[in-house]
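Working notes for the structure below.
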Protein chains: 2
Amino acid sequence: MRIAQIAPLTEAIPPKLYGGTERVISWLTEELVALGHDVTLFASGDSHTSAKLESAWPRALRLDGAVRDANALHLTMLEQVRRRAPDFDILHFHLDYYPFSLFMRQATPFVTTLHGRLDLPEHQHLFATFTAAPVVSISNAQRQPVPDAAWVRTIHHGLPERSLMPRPVKPTYFAFLGRISPEKAVDEAIRIAERCGVPLKLAAKVDKVDREYFETTIRPLLRPPAVEYIGEIDDSQKSDFLSGAICLLAPSAWPEPFGLVMIEAMACGCPVIAYKQGAVREVIDQGVTGFVVANESEAVAAVSRLARLSRPAVRKHFERRFTARRMAEDYLALYHELIDGRTHRVSAPRMVDGERVRPTVVAP
Amino acid sequence: MRIAQIAPLTEAIPPKLYGGTERVISWLTEELVALGHDVTLFASGDSHTSAKLESAWPRALRLDGAVRDANALHLTMLEQVRRRAPDFDILHFHLDYYPFSLFMRQATPFVTTLHGRLDLPEHQHLFATFTAAPVVSISNAQRQPVPDAAWVRTIHHGLPERSLMPRPVKPTYFAFLGRISPEKAVDEAIRIAERCGVPLKLAAKVDKVDREYFETTIRPLLRPPAVEYIGEIDDSQKSDFLSGAICLLAPSAWPEPFGLVMIEAMACGCPVIAYKQGAVREVIDQGVTGFVVANESEAVAAVSRLARLSRPAVRKHFERRFTARRMAEDYLALYHELIDGRTHRVSAPRMVDGERVRPTVVAP
């Protein structure tokens, strides 16, 4: 299949720095190539891919100080994709709503994975207008604010199967992984660990905007080795970090649309205790890969039940549900449906402004 | 003629606060209505217009704290315009490059007035891609960084003829009008006034980003009444302020694409001394409405020649060259050319991706 993946130019694919969306695009692209497909990746020129790279700008914009207007480059890239559209069987966008108007009015099937939260007031207006642009959710929970968008499928993210592996070490601490910011509720994680009398290691980046929060709210709570901040870690360090953890604590205070750290933990056999927010209930198999809890006390209580979980079973569940291969196969099935005009609910081809548009695809 | 004007949602039309682009759109829209045309204005719902208002969002975004993603609303508005395109004879956009891809591929003639500077690196890439989207420059100087865009005409801005009028007062000071910021070079204006021994009045806003510049660089130079900061003034105060000025000093340090303050001064019969930058040489008639100079010394020398200028002649030139009526008539002539497929250079209708597109229109 001739597949175009169209990525944001903000970060390289894969990202040089933090960037969940860009990591997922890279994993998906690599798997599609591995499965034998003819994949073209529209992305910044400093990307690295097994697909054909169409450079829409030489450098990722986050690192290109000279560019002030990222939109100019994203809309120029869309024009380039539009001109090349007949060369592809399917166009897969990762650019929010940007492609909707332009690609609703051409013949090559297209789909957009929405990677972010959708609860801003402007999203209501946006999706009330674009009721015919097919979109993929990364969790069912993500759809909640805009149920009437043209959802065609939920496809959970996946990791390359062997990128993170369980290591034969004895788990001795709780882990927190990701970003330190108010919505990630690190202070909750610290209180849970202290109530359980188990050491907590924080492997996390601190963004510039969160620097003050870190210094005033989190740093005073650090008491190494009981509560220890070990800085940001990269992928090569994660297997050790997560294999050594009794569990990952994810007491997030906002409805995260997915939550990659949870499946990273599972890949290492590390169970997750997470607050019932956003995608958590879809990602964690209660009592198998971890526990979904409502608050601090429930989290403390769940810790006592961790011993019942099997770390090999956690890994097994990861392999079944959250590999990049599974993600790529889900997307391929969807591409086939869009190409064939099959979807769970498909209206007749219809006219917009006198132009024939793709069949409206609606959520299952 | 059925005309759509499509404005940014950032500010209301006319703007409640500062906003040159939004003021020009308002003046143009009102004149087109006064000339008997059927005009629809796509803009924020708090706009005030004699045209039909199509509200694309209830409030101007600069004042709407709840909206974080202005792009979502601008692209939704473009979709609304696209669906209504067959209702109009001409679509006139004021949204930079946003409409290019979508409106190049439909039948209603469209044109975009570019209101900003075009010298960022991304502009080169943008206009190298969009060589067929017809654009209007607000000065010839503005075109300089991107000569190969599909320029169809330069149309200078204009003010409503009687909005600012000469008042019978004796001019006694130099005037500076606009914004205090490094690129407006207020310090130059102060030095010019001091060398001439003439008082200078600064009527200017100070943006938040320029507050520190104002406090550290400009405030120490203030010596009322010789150098006096009188704060921001509104349109109702400008006739008095500019009629009382011997001349307007505009020693701008950046290539401003137009410079509305210069024609505001002329409307009051007030000559302008401005630095040779951007549109200045197109707006000032040397030795008639003011003097174009290269530096501080030339500005001081020009002051001694101001007595030769006739203030009624300055007003006369304003009436001939810079009224909103003249601007509207220029746009109407262009609309007719675009509708008829006549332009200074018109290529044959051509195909883009198998679709027939409007004839390419190229600069005269």
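The values are calculated or read from the model by the stated rules, or taken from the named source; none is laboratory data. Because the structure is predicted, anything quoted here is derived from the model rather than measured. Reconstructed Cβ throughout: ideal geometry from the backbone, glycine too, with neighbour counts over all protein chains shown. Remember, those area values only see protein heavy atoms, side chains included, never the ligands or the DNA or RNA. Shrake-Rupley method; radii C 1.70, N 1.55, O 1.52, S 1.80 Å.
Numbers for the structure displayed
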quantity: Pairwise burial B:A, computed as accessible area of each alone minus the pair, summed, 1.4 Å, Å²; calculated: 3200 Å²
quantity: Listed residues B:L202, B:L177, B:L35, most fluctuating in chain B (Gaussian network, C-alpha, under 10 Å); calculated: B:L35
quantity: Helix A:70-84 vs. chain A, principal-axis angle (Cα, 0 to 90°, nearest 10); calculated: 50 degrees
quantity: Euclidean distance of C-alpha centroids, region A:306-333 and region A:28-77, integer Å; calculated: 28 Å
quantity: Rounded to the nearest 20 debye, dipole of region B:33-153 from Cβ charges on Lys, Arg, Asp, Glu; calculated: 20 debye
quantity: Residue of B:P225, B:P251, B:P271 that the Gaussian network model of chain B assigns the largest fluctuation, springs spanning Cα pairs under 10 Å; calculated: B:P225
quantity: Percent carbon-and-sulfur accessible area, region B:1-126, ignoring ligands, DNA and RNA, probe 1.4 Å; calculated: 52 percent
quantity: Whole-Hz ³J(HN,Hα) from phi, Karplus 6.51 cos²θ - 1.76 cosθ + 1.60, for region A:31-41, glycine and proline x; calculated: 5, 5, 5, 4, 7, x, 8, 8, 10, 10, 10
quantity: Most mobile listed residue (A:I25, A:I13, A:I233) in chain A, GNM with C-alpha springs under 10 Å; calculated: A:I233
quantity: Qualifying lysines (Cα of each under 28 Å from Cα of A:K201; at least 8 residues distant if same chain); calculated: A:K16, A:K170, A:K184, A:K238, A:K276, A:K316
quantity: Bridge type composition, chain A - antiparallel percent by DSSP, nearest 5; calculated: 10 percent
quantity: Rounded if a/c under 1.5, otherwise prolate or oblate - region B:90-214, Cα gyration tensor axes; calculated: prolate
quantity: Shielding by other protein chains, A:82-88, mean Cβ within 10 Å; calculated: 2
quantity: Euclidean distance between Cα centres, region A:138-159 to region B:160-190, Å; calculated: 56 Å
quantity: Cα convex hull volume per residue for region A:1-133 (Å³); calculated: 109 Å³
quantity: Average beta-carbon neighbours from other chains, 10 Å sphere, peptide B:93-99; calculated: 2
quantity: Total charge dipole magnitude, the protein assembly as shown, about the Cα centre, Cβ charges on Lys, Arg, Asp, Glu only, Debye to nearest 20; calculated: 100 debye
quantity: Overall form of region B:216-288 per C-alpha gyration tensor (a/c, 1.5; a/b vs b/c); calculated: oblate
quantity: Sparsely packed trypsin sites (Lys or Arg not before Pro) within region A:160-247, loop by DSSP, other Cβ within 10 Å at most 11; calculated: A:R162
quantity: Value of relative contact order over region B:109-228, rounded to a whole percent, pairs C-alpha under 8 Å and six or more apart; calculated: 19 percent
quantity: Separation between Cα centres of region B:265-294 and region A:192-262, rounded to whole Å; calculated: 62 Å
quantity: Bridge type composition, region B:9-152 - antiparallel percent by DSSP, nearest 5; calculated: 0 percent
quantity: 11 Å beta-carbon shell around B:R59, net charge (K/R +1, D/E -1); calculated: -1
quantity: Cα pair distances exceeding 25 angstrom across chain A, given as percent; calculated: 56 percent
quantity: Listing of region B:60-80 residues, each with accessible area lower by at least 20 Å² in the full protein assembly than in the chain alone (probe 1.4 Å); calculated: B:A66, B:R68, B:D69, B:N71, B:A72, B:L73, B:L75, B:T76, B:E79, B:Q80
quantity: Net charge contributed by nearby residues that have their C-beta within less than 13 Å of A:H123 (K/R +1, D/E -1); calculated: -2
quantity: Percent RCO, i.e. relative contact order, over chain A, from Cα pairs under 8 Å lying at least 6 residues apart; calculated: 15 percent
quantity: Within-12-Å neighbourhood charge of A:P15 [Cβ basis; K, R +1; D, E -1]; calculated: -2
quantity: Region A:86-242: antiparallel DSSP beta bridges as a percent of all, rounded to 5; calculated: 5 percent
quantity: Percent breakdown of C-alpha pair distances by 20 Å bin, ordered from the shortest bin, for the protein assembly as shown; calculated: 15, 40, 30, 14, 1
quantity: Relative contact order for region B:1-139, counting Cα pairs under 8 Å that sit 6 or more residues apart, in percent; calculated: 23 percent
quantity: Per-residue mean of C-beta atoms belonging to partner chains within 10 Å, peptide B:50-57; calculated: 1
quantity: For chain A, calculated [θ]222 nm from helices alone, where every DSSP H run of n ≥ 4 adds -39500 (n - 2.57); calculated: -9000 deg cm²/dmol
quantity: Accessible area in square angstrom per residue, region B:1-91, 1.4 angstrom probe; calculated: 36 Å²
quantity: Shape box of region A:175-236 [Cα atoms, principal axes, largest first, Å]; calculated: 31, 30, 18
